[in-house]
1. Given that just one value was derived from the coordinates, which of [x] 23, 18, 15; [y] 31, 16, 13; [z] 18, 18, 14 is semi-axes √(5λ) of the Cα gyration tensor in Å?
2. How much mean residue ellipticity at 222 nm does the chain get from its helices, if each DSSP H run of length 4 or more adds -39500 (n - 2.57) and you divide by all residues, to the nearest 500 deg cm²/dmol?
3. Could you work out the relative contact order of the stretch 60-119? I mean the mean sequence separation of Cα pairs under 8 Å and 6+ apart, divided by the number of residues, in percent.
4. Roughly speaking, what is the stretch gain from residue 22 to residue 85, that is 0.36 nm per residue apart minus the C-alpha to C-alpha distance, in nm to one decimal?
5. Evaluated at 20 °C with a viscosity of 1.002 mPa s, what Stokes-Einstein diffusion coefficient in µm²/s does the stretch 60-119 have when Rh comes from the Kirkwood expression over alpha-carbon pairs?
6. Compute the acute angle (0 to 90°) between the alpha-carbon long axis of helix 94-108 and the principal axis of greatest extent of the alpha-carbon atoms of the chain; round to the nearest 10°.
7. Give me the number: length gained by fully extending residue 33 to residue 106, i.e. 0.36 nm times residue separation minus the C-alpha to C-alpha distance, one decimal in nm.
8. Helix 38-52 versus the longest principal axis of the chain: what angle, 0 to 90°, nearest 10, using Cα atoms?
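Derivation of every value follows stated rules applied to the coordinates shown; laboratory data play no part. Bear in mind the structure is a predicted one, so any value in this text is a computation, not a measurement. FYI the Cβ positions are ideal-geometry reconstructions off the backbone, even for glycines, and counts take in every protein chain you see.
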């Protein structure tokens with residue numbers, strides 16, 4: 001389904017561009033698809049601001065680890081990979097990622113953590 005209303009398309013693209021700037025220039029495919037509905041894109045952008053840019057108390061590394069764990073619990077591979085990678089970029093160690101995944105494994109089972117294995121390299125034998 002694609003938005004055909006030119007006014008709505010323009011609004012959606014404007015909000016998507018704002019979101020792109022907030023994220024440092026990158027958006028995912030699902031963000032682009034979301035811009036078909038400017039109100040949904042606005043709601044997502046506002047929530048992104050609430051969770052990442054205003055009144056944050058938890059350091060970024062830990063917020064990303066929490067998001068990765070929630071992605072595992074929800075079964076959302078994109079969330080797991082994106083926020084796991086961001087946690088690592090913000091200083092999370094192999095041991096910290098592993099500890100979070102062990103907690104998820106304890107609560108949600110082995111299948112919940114399978115997508116997160118892409119975060120790890122294969123060790124040399």
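1. Evaluating semi-axes √(5λ) of the Cα gyration tensor in Å on these atoms matches [y].
2. Only helices count here, giving -20500 deg cm²/dmol.
3. 40
4. 20.9 nm
5. Numbers: Rh = 10.7 Å.
It comes out at roughly 201 µm²/s.
6. That helix lies at roughly 80 degrees to the long axis.
7. 22.8 nm
8. Once rounded, one gets 40 degrees.
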